[in-house]
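Trainee: My questions all concern the structure below.
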Amino acid sequence: MYLVVTKYLIPKGFSGLTAFPFIFIKYHVDKENLVFINHEKIHLRQQKELLILPFFICYFLEYLVRLIQFKNRNLAYRNISFEREAYANESDLNYLKNRSFFEFTKYLFIN
């Protein structure tokens, strides 16, 4: 994992972006934010499981489905299974030690 601070690669409204093996963050202060970094590390694990490129294809396709479903960009983003897993577990700094393979699939269906 490599942390790179850059405000130019991060889309407006976001603080970070993960593209294996890099975590791009907008602000230096976020390097110390363990919950934020853990969220991004969860994405690194998801990307490794799906062999990186398929992760981004699935992410984008699910975003399109959620956009049709919710008709709202923020709700669509928040309901992508990869994001749901990361947000649900970002505060558990031991989560990745015990995480099952393909755990994000448990977040595909919205109750």
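Trainee: Tell me the mean residue ellipticity at 222 nm calculated for the chain from its helices only (DSSP H runs of n ≥ 4, each -39500 (n - 2.57), averaged over every residue, nearest 500). Don't skip to the answer; put the middle values down first.
Mentor: Details: 5 runs with 53 residues, N = 111.
Helix-only estimate at 222 nm: -14500 deg cm²/dmol.
Trainee: Starting from 0 in steps of 5 Å, tell me what percent of the Cα-Cα pairs of the chain lands in each bin.
Mentor: 2, 12, 21, 25, 22, 13, 4, 0
Trainee: Multiply the residue gap between residue 49 and residue 9 by 0.36 nm, knock off their C-alpha separation, and tell me the result in nm, one decimal place.
Mentor: Working: separation 40, 0.36 × 40 = 14.40 nm, distance 2.40 nm.
Contour length minus the Cα-Cα distance gives 12.0 nm.
Trainee: Can I ask one more? What is the spin-label model distance, in nm, from residue 73 to residue 91 if the labels are put 7 Å beyond Cα along the C-beta direction?
Mentor: Once both label points are built, they end up 2.9 nm from each other.
Trainee: Hey, another quick one. Please give the charge dipole size of the chain, origin at the Cα centre, charges +1 on K and R Cβ atoms and -1 on D and E Cβ atoms. Round to the nearest 20 debye. Please list the in-between numbers first.
Mentor: Values: 15 positive and 10 negative charges, 51 e Å.
So the magnitude is around 240 debye.
Trainee: If you add up the charges near residue 15, with Lys and Arg at +1 and Asp and Glu at -1, over every other residue whose beta carbon is less than 14 angstrom from its beta carbon, what do you get? Could the numbers behind the result be given before it?
Mentor: On the way: positive: 7, 12, 26, 31; negative: 30, 32, 40, 83, 90.
Local net charge: -1.
Trainee: May I ask you to evaluate 6.51 cos²θ - 1.76 cosθ + 1.60, the Karplus curve with θ = phi - 60°, for each residue of the range 8-17 and list the ³J(HN,Hα) values in order in whole Hz, giving x for glycine and proline?
Mentor: Working through the residues one at a time gives 8, 8, 8, x, 4, x, 10, 10, x, 8 Hz.
Trainee: How many angstrom lie between the C-alpha centres of the range 58-84 and the range 11-35?
Mentor: Using only Cα atoms to place each centre, the spacing works out to 20 Å.
Values quoted throughout were computed directly from the atomic coordinates according to the rules given, and no laboratory measurement underlies them. Since the structure is predicted, the reported quantities are computational estimates derived from the model, not experimental observations. Positions of Cβ are generated from backbone atoms using ideal geometry, with glycine treated the same way; all protein chains shown enter the neighbour counts.
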